[in-house]
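Scroll down for the structure; my scribbles are underneath it.
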Amino acid sequence: MKVAVLGSGAWGSALAVVSAKSGNDVLLWSYDGLVSDFDGVKDITITRYADVATAYSVWLIATPAEFFRETIRKFAPFYNNQTVIICTKGIEPKTHKFMSEILAEELPNCKNFGILSGPQFPAEAADGIPTSSTIRGNEIVIKAGTDALNKMELVPTDDIIGAQICGVGKNAVALLMGYMSVMAAGENERARILTKRGGEVAQFGINTKKSVVILLNHRQAKNSADHGAQVIKVYY
């Protein structure tokens, strides 16, 4: 299978490595030509040109949420009925729209799209350490995702919106935990807030309990409690 990964940050680079190890012909698109330094990434075709992606049957989009719309607009002229899997978490800052809503606006002829929702630490995924995720979409999307990333355990579901709510919600809880760390809250209080607020978010999807636990207890995480700590230090 020919798989194009759009976005070469830590998560995009890791997905490209995983897909290559899964036996696929992988293209990694980089806005600035830079990629994360994972073993195997330099053996992957890397490009700064969007038109090359038209020859690839599956697109994994892993750009930051704030650049998602811009990226879709860049690749829209080269869309050729590819299956699109959104690997970006978050909402658009100005419009507060989910990535699936932006995709529908900017690429309305894309009918086979879905969501990959984790979380995973990119470095561990790239190294082949066992991990799981959820793949959300129709049968075509689930098949494409499973083939593109067959070195990962993917749990199928059809809840597109729930997956995106979870991605936003667990980040909010992580920021709250960072705030509590700076305010010297004890572990008892952190556990209470994690259980209460994490449980609220978890009502929206099966991946969220794992997301909240992993993101709040490990400093590798991009959206870890450290971010909340940095935010609150600005004001105190």
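Annotations for the structure displayed:
- If you go through segment 126-156 and keep only what is aliphatic (A, V, I, L, M) and outside any strand (DSSP E or B), you end up with Ala126, Ile129, Ile140, Val141, Ile142, Ala144, Ala148, Leu149, Met152.
- Only one entry in Leu27, Leu34, Leu15 is assigned by TED's automatic domain parsing to the domain that holds Asp147, in contact (Cβ under 8 Å) with a residue 60 or more places away in the chain and of a type outside the set (D, E, K, R), namely Leu15.
- Number of the condition not met by His96 [criteria: (1) in the same structural domain as Tyr56 (by TED's automatic domain parsing); (2) in contact with a helix residue (DSSP H, G or I) (Cβ under 7 Å, 6 or more places away or on another chain); (3) farther than 19 Å from Leu6 by Cα]: (2)
- Exactly one residue out of Ile140, Ile115 is within 17 Å of Lys2 (Cα to Cα), in contact (Cβ under 8 Å) with a residue 24 or more places away in the chain and of a type in the set (A, V, I, L, M, F, W, C), and it is Ile140.
The values are calculated or read from the model by the stated rules, or taken from the named source; none is laboratory data. All figures in this text were calculated on a predicted structure; none of them were measured in a lab. Counting neighbours? That spans all protein chains shown, and the Cβs are built from the backbone with ideal geometry, glycine included.
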